[in-house]
Every structure is written in C-alpha cells, then in structure tokens.
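Notes follow once the structure below has been shown.
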Amino acid sequence: MSIQTFQPVRGVTVSDKAAQHIKAELAKSEHLQGFRLYLETSGCSGFMYETTLVEGPSDGDEAFELNDIKVFIPQKDLPILNGTEVDYVTVGLNSTLQFRNPNVTGECGCGESFSVTEES
C-alpha cells in the first residue's frame, strides 16, 4: 500500500466565461454561496464530472476562492482534478461547462466518462 500526498502544483482554474455563468446562476438565489465540483463513478471509463450550486461546503470539501467564486472540491477528488480548467463554451445553440483536465488518459466513446492512470 502506498500513501499519496496531494501537492497542488497547478490547482483548478475557472475561466472568465465560466465565472460569469456561475455568478449569474448563484445570483438567482440568496441562499446559494458557491459552486461544488466533484467526481462520480460512472460510464464505461470510470469518472464523470458533477457540479452543483450549494449553500456551503460538504464534509470533506476543500474551499477555494477562484475568480471571485467560492469553489468546493472533495479532498478525495483533488488529485484527479488538479490542473483542471473549468470553462463555459457555446456550440451552436447549446452552452455548457467544459472541463479540460490534464490528468485524463482516456475517454469513453460518447464523452460522458473518463479515466486516469493511477499516478494521477
């Protein structure tokens, strides 16, 4: 068994467009305080990004201030999310959050889930 220590070399970033979108969504409710980014086991490749607007951190979350947004990330997900850029992109008539993660080593065919090597 090995012990893995999280060293935030690059951290997580939020683009200006993503920050504008998240701030607009947070402004719709006076109770929402931040943005939670986490991973779920899903799909054929292993992990899927999940996001939610929250009133505060959950147990085990690390809190960050990124681009004037409170971002909460579970400690267990930090090694895989390290270096991820959260962006907001528009393709045609559809707009969505997009995640650029340098730790991803494979994706399923539909793009719903991704995998990482054990070193990530």
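When you go through P74, P79 one by one, which is the residue that is within 27 Å of S115 (Cβ to Cβ), touching a residue at least 60 places away in the same chain (Cβ under 8 Å) and not acidic (D, E)?
Only one candidate qualifies: P79.
Quick one: in the range 11-56, of everything that is part of a loop (DSSP other than H, G, I, E, B) and under 14 Å from the mean Cα position of the chain (by Cα), which residue is surrounded by the most Cβ atoms within 10 Å (Cβ to Cβ)?
Here the answer is V12.
From the residues in the range 40-71 that are over 24 Å from S115 (Cβ atoms) and among the β-branched types (V, I, T), which one is modelled with the highest pLDDT?
Among those residues, the one meeting the criterion is V54.
If you check G106 against the conditions, is it farther than 19 Å from Q20 by Cα, of a type outside the set (A, V, I, L, M, F, W, C), assigned to a strand (DSSP E or B) and in contact (Cβ under 8 Å) with a residue 24 or more places away in the chain? Walk me through how you get there before you give the answer.
Details: farther than 19 Å from Q20 by Cα: yes; of a type outside the set (A, V, I, L, M, F, W, C): yes; assigned to a strand (DSSP E or B): yes; in contact (Cβ under 8 Å) with a residue 24 or more places away in the chain: yes.
For G106, the condition - farther than 19 Å from Q20 by Cα, of a type outside the set (A, V, I, L, M, F, W, C), assigned to a strand (DSSP E or B) and in contact (Cβ under 8 Å) with a residue 24 or more places away in the chain - is met.
The values are calculated or read from the model by the stated rules, or taken from the named source; none is laboratory data. Since we're looking at a predicted model, the values are computed, not measured. All Cβ positions, even for glycine, are placed from backbone atoms using ideal geometry, and neighbour counts span all protein chains on display.
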